[in-house]
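The structure appears right after this line, and notes come after that.
The values are calculated or read from the model by the stated rules, or taken from the named source; none is laboratory data. None of the values given here were measured: they were computed from a predicted structure. No Cβ is skipped: glycine too gets one built from the backbone with ideal geometry, and neighbour counts run over all protein chains shown. Ligands, DNA and RNA are excluded from the accessible area calculation, which covers all protein heavy atoms including side chains. Shrake-Rupley method; radii C 1.70, N 1.55, O 1.52, S 1.80 Å.
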Amino acid sequence: MTKIKSFLLLFTITVFFASNNLFAQITSSELDTLVEQAMKEFKVAGVAVAVVKDGKIIHERGYGVRSIETKVPVDEHTNFLIASNSKAFTTAALSILVDEGKITWKDKVKKYIPEFKMYNDYVTENFLIEDLLCHRSGLGLGVGDLIFYPDGADFTIDDVVTSFQYFKPVSAFRTQYDYDNLLFVVAGEIIARVSGMTWEQFIETRIMKPLQMHNSGASIKGIKDSSSIATPHSTAGDDNKIRTINLYKKIINGGAGGILSNVDDMSKWMIMQLNQGKYGENLDKQLFSKDRQKEMWTIHTVTNTNNDPRYNTHFSGYGLGWNLTDIKGNLNAFHGGGQPGMLSYVSLIPDLNLGIVILTNTENGGRPLNRAVHHSILDSYLGIEKMDHVSLYSKRINDQKNKSDEVTKNVWKQVALAKDTKITEQDYIGIYEDNWFGKIEIFMKESQLWFKSYRSPKLNGPMYFYKTNTFAIKWEYQDMPCDAFAVFTFDGEGKAKSIKMKGISPNIDFSFDFHDLDLQRVRK
């Protein structure tokens, strides 16, 4: 009898530990080794990682350096641009206003922004606040992002809310997922108009302050100690060497991607999310209600499901500011973020009361590192057989890069072959204008055709004849690979009358939406 009781006790303990995934938990030392291996593989300067479980921070650590020039180490308080992970903060801010009865998700955007105008009257009149947050507008991927990529342009919120009328839809309203940023900027403007505070003020006073995210800011201005900010890096140059680049400075408002934070503060954010809006030492305070949490984590727009048999995924979609899927029967609310030289990844498994945040300061390598480290941590908690995610993502990114490099090299090889082609520069010189992007000029600079944007000054550079009616533009801005083709059409006298554009690299970031421009010549 005693043996039977002992067996049952042992069996119960085993089941308890297995059901709580404690047997599979990755240790801090294993995580350290994993991150260091990934940093080396993906050429990443600095990383910060935090894991929260059952309401507590069980791992938070910095790795590498804030800058390869200063060599100052990254720690848990080092600030990174979290980019599109700011979208969940915008949604949380709107949730607070919904709880206070100041707005509803079904309110029409025009109620608060009368000048808001979409591509047709029906969509304009029926566009709801929730439509701003779930990527189902009918417009294409990243539409209008040239308004704030690269940074330094002079566009205003008035330009944003009236720009959508000029874009051509790619699908019927509310029928297809296409990721956008501009509509979250519009959401930020609604917060400002309803609350009487700027988006930045609302985020800092109504979210960051209550959660004691004291070292974070809704913008660069909100960071008390600027030395805490990591320097962005890139390996996008021709030599693939890591180099520092300028810190992205957002324009208009940060509703789509303006927040700077660190893994210590982001842990507080994750713990609040995992507690359905509750926070405080005894969870006796509420940032937003349980109902708002449910709405944010309900699929509003269906997306393609990743059929990885290891995770047994059945559904995938976008809620309000969150990607949503299931992994081994567990809900996963997650989001990535990217600004030039800065990448972020946040993943929550509410069924396991588990949260993971990874912040990196290196373009190209940061994204695969984030995914590889995340999946390795997640596998350990789900009890899934170990996989070398670092090698897997390394192969993927190298294959992708090699294909892209081949295309780009061939373009510039063709440019070199065509350098002696005789062209009449005067046929191209002039001012061209797009309805939403404004004016650009083609002119001669030191015997070289040159392109410059009036409203986005970093988009300027020499134009090289490629073939037929097409030129390749080498931008002076090289923080991200975004060189572009300019394709001319001509009038009956052989003079250029319009320009269409597209990126040269197959891996160009979707925010460089040159293809949405329709530049018409307005002056010779």
query: Which pairs have Cβ atoms under 6 Å, sit 6 or more apart or on different chains, and link a residue in segment 440-454 that is in contact (Cβ under 8 Å) with a residue 60 or more places away in the chain to one that is among the small types (G, A, S) and surrounded by 15 or more Cβ atoms within 10 Å (Cβ to Cβ)?
result: I440/S453
- request: Might you check whether a residue that is of a type in the set (G, A, S), open to solvent by 10 Å² or more (accessible area, probe 1.4 Å), in a helix (DSSP H, G or I) and under 25 Å from Y345 (Cα atoms) occurs anywhere in segment 78-95?
  value: yes
message: Looking at (1) part of a helix (DSSP H, G or I); (2) within 30 Å of P350 (Cβ to Cβ), which one does E41 not meet, given that it meets all the others?
response: (2)
- prompt: All but one of (1) assigned to a strand (DSSP E or B); (2) over 16 Å from the mean Cα position of the chain (by Cα) hold for L343; which doesn't?
  reply: (2)
Failed criterion for G336 (all others in (1) farther than 21 Å from Y179 by Cβ; (2) open to solvent by 10 Å² or more (accessible area, probe 1.4 Å) hold): (1)
- prompt: In segment 214-244, what residues are part of a loop (DSSP other than H, G, I, E, B), over 21 Å from the mean Cα position of the chain (by Cα), in contact (Cβ under 8 Å) with a residue 24 or more places away in the chain and under 19 Å from T78 (Cα atoms)?
  reply: H214, N215
- prompt: Does S195 meet the test of being hydroxyl-bearing (S, T, Y), open to solvent by 30 Å² or more (accessible area, probe 1.4 Å) and at negative phi?
  reply: yes
message: Go through (1) in contact with a helix residue (DSSP H, G or I) (Cβ under 8 Å, 6 or more places away or on another chain); (2) of a type in the set (A, V, I, L, M); (3) within 28 Å of W475 (Cα to Cα) for L141 and report which single condition fails.
response: (1)
message: Based on this model, can you work out whether V373 counts as over 30 Å from K445 (Cβ atoms), touching a His at 6+ places or on another chain (Cβ under 9 Å) and among the hydrophobic types (A, V, I, L, M, F, W, C)?
response: yes
task: Mind listing whichever residues of segment 486-500 are open to solvent by less than 50 Å² (accessible area, probe 1.4 Å) and touching a residue at least 24 places away in the same chain (Cβ under 8 Å)?
output: A486, F488, G494, A496, S498, I499
field: Number of positions in segment 501-524 that are touching a Gly at 6+ places or on another chain (Cβ under 9 Å) and either assigned to a strand (DSSP E or B) or surrounded by fewer than 20 Cβ atoms within 10 Å (Cβ to Cβ) (or both)
entry: 7
- request: From A187, A256, A230, grab the single residue that is out of contact with any Lys or Arg (no Cβ under 8 Å at 6 or more places or on another chain) and either at pLDDT 95 or above or surrounded by 18 or more Cβ atoms within 10 Å (Cβ to Cβ) (or both).
  value: A187
- request: Kindly provide the set of residues from segment 154-174 that are open to solvent by 10 Å² or more (accessible area, probe 1.4 Å) and either closer than 19 Å to G341 by Cα or not in a loop (DSSP other than H, G, I, E, B) (or both), ordered by number.
  value: I157, D158, D159, T162, Q165, Y166
- prompt: For segment 465-476, which residues satisfy the criterion of being surrounded by fewer than 21 Cβ atoms within 10 Å (Cβ to Cβ) and either part of a helix (DSSP H, G or I) or aromatic (F, W, Y) (or both)?
  reply: F465, W475
- request: Within segment 428-446, identify whether any single residue is surrounded by 20 or more Cβ atoms within 10 Å (Cβ to Cβ), at pLDDT 95 or above, out of contact with any strand residue (DSSP E or B) (no Cβ under 8 Å at 6 or more places or on another chain) and not basic (K, R), and answer yes or no.
  value: yes
- request: For K285, indicate whether it is in contact with a Phe, Trp or Tyr (Cβ under 7 Å, 6 or more places away or on another chain), more than 18 Å from V357 (Cα to Cα) and modelled with pLDDT of 95 or more.
  value: yes
- request: Go through segment 198-213 and count every residue that is in contact with a Ser or Thr (Cβ under 6 Å, 6 or more places away or on another chain) and either open to solvent by 20 Å² or more (accessible area, probe 1.4 Å) or not in a helix (DSSP H, G or I) (or both).
  value: 1
task: Report, by residue number, each residue of segment 149-162 that is among the polar types (S, T, N, Q), more than 21 Å from the chain's Cα centre (by Cα) and closer than 23 Å to S84 by Cβ.
output: none
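With G365, G341, G355 as the choices, which residue is in contact with a strand residue (DSSP E or B) (Cβ under 7 Å, 6 or more places away or on another chain), more than 27 Å from K56 (Cα to Cα) and open to solvent by less than 10 Å² (accessible area, probe 1.4 Å)? Can you show your working first?
On the way: G365 fails: in contact with a strand residue (DSSP E or B) (Cβ under 7 Å, 6 or more places away or on another chain); G355 fails: more than 27 Å from K56 (Cα to Cα).
After ruling out the rest, the residue left standing is G341.
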message: Scan segment 97-115 and tell me whether some residue there is open to solvent by less than 10 Å² (accessible area, probe 1.4 Å) and either under 30 Å from A50 (Cβ atoms) or without any contact (Cβ under 8 Å) to a residue 24 or more places away in the chain (or both).
response: yes
